[in-house]
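Heads up, the thing below is written out as structure tokens.
The values are calculated or read from the model by the stated rules, or taken from the named source; none is laboratory data. Keep in mind it's a predicted model, so treat the numbers as computed, not measured. With ideal geometry, Cβ positions are generated from the backbone for all residues, glycine too; neighbour counts draw on all protein chains shown.
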């Protein structure tokens, strides 16, 4: 045994090698090594031995003490520096060990974590056992042990023998639990990286990480898979016991083999348990310190590119908590360009419509949207999948302008075809309250080809009548354009040709004899309508007031030919529809037992204006819509 000084000096000459200095094993723990030397030289504890040498008994020692320890242990400084954790001068929270830069909180230096079977087979303690994410021994497939089953205390480094606890329990006889396959694979990867070997025990994208990156990922994920982590989780990790570490990193190991679905589930869980206030919104409000730490300025956060990319994918596919713009530079811009939820303005640009049109379709239920409160205003977010279906559905629709141009009819003829059911609208004022008419493009194409296919294109003959002339002749006989179109579809009326210079059905021509035969078979009697004079009596109005109603369009008339002359008739349906829709000020005055002028003034004070009258369009009487004046008619 070497001669020791009670008060050691700094000179190396005052330090002599110990009598017994076994060589360290490759990958052996520094604290385990001095425990072996202490026992071999007859000391009761390594702490006493290190005090005699004037060296701190700690996981980390000073650079000046390394030379003294190297002399005392009779090994080279290079070997000792690889074993011991040397703190980095520029980053005091990081240490270099075995050629790796590792954060100090990654080490469990307070207690000795062991694999009982390895201790029995090899007789020394591995340095990799001190890494917190290393929770099991891949060689034996069992979890590491930190607590003595006999005394119930953590296994201390300051004991006499490496193979025994302070209480006398043999550590190589402790029975440990079987580890899970994901945990074994994770620890096998950690041990391979720690020893400088190249193994791919983990799935992509974690297989190519170096040891420092791997440990940072595991600690960060473990912090949040614990359900109680905040920030980078360094302080939280330093407080966990061996049993808690096993539970946490068991979850992390399982997550690595189900990536990225497990990561998405973690983000869902963070959002679900977030204590977000009602007026808070956005990524930081929903993900709290996970988001700020992931994109923080800490050096280890700069390595989390895998998490950042998958977080951006999650936001683009699953998040509807607010708007993402080009100013959100923290996220992967490629993922943002294909994000799942779009704002109303982005959605309108995506489908090529004005936002107001899209907003109305949302209100009518044609497009789904979710609402999010954004600091006093409501933000509408639309799922990209729903928007894609909406856009595809709109591609199958054509509006009024396209239909009239395609069929070659006027606006009045178009409305006649719609009202008579020849054209069935998918959307419109009478269908779902939309401001514009939309039709199925397939229906319009089928109608077009049914009417025009197979007809030759040529010039009109002398004995032929154009479609427009046929419509006028049909109107004089009480028929409409709808009757002609339905007759052509049914085959009872056939066109003879199509004019080259005209488009749609307006270019059709009929043989005059064929057309006259159709009119004789389908001539309507005049019992469907009456003259304006008779209609005035039926409406209890004078003839001038009735003609005013016809002039402003409230009463619709139809031309009918009787005895060679045209007469303008009002159908009974038009009269009944007018009675159901409108009511005069005179009739309201009878209900309220007052004068028509008083009724007009009374309703004007309540912001109810007539649809026609002397001050509106020069008509002789005031008329109101019944639905507007019903609350005031009693």
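A compact table of results
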{"read-out": "3 or more residues outside the structural domain of residue 146 (by TED's automatic domain parsing) and either surrounded by 20 or more Cβ atoms within 10 Å (Cβ to Cβ) or modelled with pLDDT of 85 or more (or both): qualifying helices (runs of 4 or more DSSP H) within region 209-288", "value": "211-225, 242-256, 261-272"}
{"read-out": "Any chance residue 144 is within 25 Å of residue 96 (Cα to Cα), buried (at least 22 other Cβ atoms within 10 Å of the Cβ), touching a strand residue (DSSP E or B) at 6+ places or on another chain (Cβ under 9 Å) and assigned by TED's automatic domain parsing to the domain that holds residue 110", "value": "yes"}
{"read-out": "Residues that are part of a loop (DSSP other than H, G, I, E, B) and either at pLDDT 90 or above or surrounded by 17 or more Cβ atoms within 10 Å (Cβ to Cβ) (or both), drawn from region 43-59", "value": "43, 45, 54, 55, 57, 59"}
{"read-out": "Scope region 403-429; condition closer than 26 Å to residue 367 by Cβ and free of Cβ contacts under 8 Å to residues at least 12 places away in the same chain; matching residues", "value": "428, 429"}
{"read-out": "Some residue of region 162-176 being touching a strand residue (DSSP E or B) at 6+ places or on another chain (Cβ under 6 Å), touching a residue at least 40 places away in the same chain (Cβ under 8 Å) and under 26 Å from residue 100 (Cβ atoms)", "value": "no"}
{"read-out": "Residue within region 436-447 that is crowded, with 18+ Cβ neighbours inside 10 Å, in the same structural domain as residue 482 (by TED's automatic domain parsing) and closer than 16 Å to residue 499 by Cβ present", "value": "no"}
{"read-out": "Residues of region 453-478 satisfying the condition of being assigned to a helix (DSSP H, G or I) and over 18 Å from residue 409 (Cβ atoms)", "value": "476"}
{"read-out": "Verdict on residue 119 being assigned to a helix (DSSP H, G or I), buried (at least 17 other Cβ atoms within 10 Å of the Cβ), modelled with pLDDT of 90 or more and out of contact with any strand residue (DSSP E or B) (no Cβ under 7 Å at 6 or more places or on another chain)", "value": "yes"}
{"read-out": "Condition met for residue 496 (in the same structural domain as residue 457 (by TED's automatic domain parsing), surrounded by 15 or more Cβ atoms within 10 Å (Cβ to Cβ) and at pLDDT below 90)", "value": "no"}
